[in-house]
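Okay, so here's the structure we're looking at.
The values are calculated or read from the model by the stated rules, or taken from the named source; none is laboratory data. Fair warning: this is a prediction, and the values are worked out from it, not measured in the lab. Glycine gets a Cβ as well: all are built from the backbone with ideal geometry, and neighbour counts include every protein chain shown.
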Amino acid sequence: LLYLGDGKINDAELPHRTKIMQMVLDEYRTEYNKTKDDLKNALGRISMTTDLWSDPNRDSYMAVTSHFM
């Protein structure tokens, strides 16, 4: 945040880590709901692609991509 603030923020003005986490989660929820509404209101068909993989530690991941115009 100090870097992004272009030097106009000092250490005392930085929000606490829990506040930053809450801000990130709030923004995620906003964007998630916008995307959900976009998909719900799409006039055409929606194509979905999925991909599954795991890393060397056997942590599993799944990606879902939606395509629509």
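Surrounded by fewer than 10 Cβ atoms within 10 Å (Cβ to Cβ) and among the acidic types (Asp, Glu): does that describe Asp51?
Values: surrounded by fewer than 10 Cβ atoms within 10 Å (Cβ to Cβ): yes; among the acidic types (Asp, Glu): yes.
Yes, satisfied.
Give just the number: which of (1) part of a strand (DSSP E or B); (2) surrounded by 10 or more Cβ atoms within 10 Å (Cβ to Cβ); (3) among the aromatic types (Phe, Trp, Tyr) does Tyr61 not satisfy?
Against the list (1) part of a strand (DSSP E or B); (2) surrounded by 10 or more Cβ atoms within 10 Å (Cβ to Cβ); (3) among the aromatic types (Phe, Trp, Tyr), Tyr61 comes up short only on (2).
What do you reckon, is Leu25 at pLDDT 90 or above, part of a helix (DSSP H, G or I) and not charged (D, E, K, R)? Break it down into steps so the answer makes sense when it comes.
Numbers: at pLDDT 90 or above: yes; part of a helix (DSSP H, G or I): yes; not charged (D, E, K, R): yes.
So Leu25 passes the test.
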